[in-house]
Every structure is written in C-alpha cells, then in structure tokens.
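Beneath this line is the structure, given in structure tokens, with notes to follow.
Every number here is computed from the coordinates shown, using simple stated rules; none is lab data. In this text the structure is predicted, and so the values were computed from the model without any measurement. Every residue, glycine among them, receives a Cβ derived from its backbone with ideal geometry; neighbour counts consider all protein chains shown.
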Amino acid sequence: MSEEATNTANEPAVNAADISIGGGLQDAEIQRFTNDIVAALKTVYDPEIPVDIYELGLIYKVDLDENRNVTIDMTLTAPGCPVAGEMPGWVENAVRTVEGIQDVAVNMVFEPPWGPDRMSEEAQVALNWW
C-alpha cells in the first residue's frame, strides 16, 4: 500500500522524493518510474506560461501503487484557466507514455490554492521572479 505525499501551500512542487511508490517494486524500478514520471510531467506546459507544470508547482501529489497505477492530484494557476478542462487529459496522456504504467487518474484540486511560492527556483528564474 502506498503512502500519500502532499504539500502544504508554502512548499514547492512535488519533487522526485515526494512521489509515493507502492510496495513490491524493486529499487531500480522505483528509480526508473520516478524519473520517467517526472520527465513526462515536465512535457506538459500551461499555454500561457513558458514553464512546465511540474516546475510551476501545479502537481500536488503523485501516487504509484504496487499495480503500477498512477493517481495525480494537480491544480491550476487560476480556477478560471481557459484550459482547465483539457489540462488533466494532457497530464494523463503524458504519464501514460511511461513504460510499465497500467492506468492513470488525474484529479483536479484547488486546496491549497496555487501561489507563486509553489514554483521551483528553476521556474522563478525562467519567469524573472527573483
């Protein structure tokens, strides 16, 4: 059974260490899944911001269970985002490309609300928010 990895409003995006992995997987497989899921998430961009959703801090939780099913909790920079209906599908499609993943579910959440403090340093530099 996997553990839930969540962040509070003042913490940055989920990082590789925060991705929760179910039992029964070998260390090498855990590392590969973690790297590949993060890489997949980094291919999805908010169309209005030139930074990927992972570095923006829009991913709140990633859970991979022992059956290789992934559940992702994500948010948007604003609830009225014009791609709110499409972005979860983009995330699902991206993570489905990871070899060995059986199923992907993406949940849209708005608590805690997203804020610029959730962005990684990389995103802050890219957006000149220093």
* To do: List the residues whose amide H sits under 5 Å from the amide H of residue 106, counting only those 5 or more places along or on another chain, with H placed 1.01 Å from N in the peptide plane.
  => 72
* Take every DSSP beta bridge with both residues inside region 16-126 and express the antiparallel ones as a percent of the total, to the nearest 5. => 45
* Structure fact -> Among 24, 82, 51, the residue whose Cα sits farthest towards the positive end of the charge dipole of region 16-126 (+1 at Cβ of Lys and Arg, -1 at Cβ of Asp and Glu, taken about the Cα centre) is 82
* Structure fact -> Any residue on another chain or 5+ positions along whose placed amide H is under 5 Å from the amide H of residue 61 is listed here as 73
* Gain in span if fully extended, residue 110 to residue 35, counting 0.36 nm per residue against the direct Cα distance -> 24.4 nm
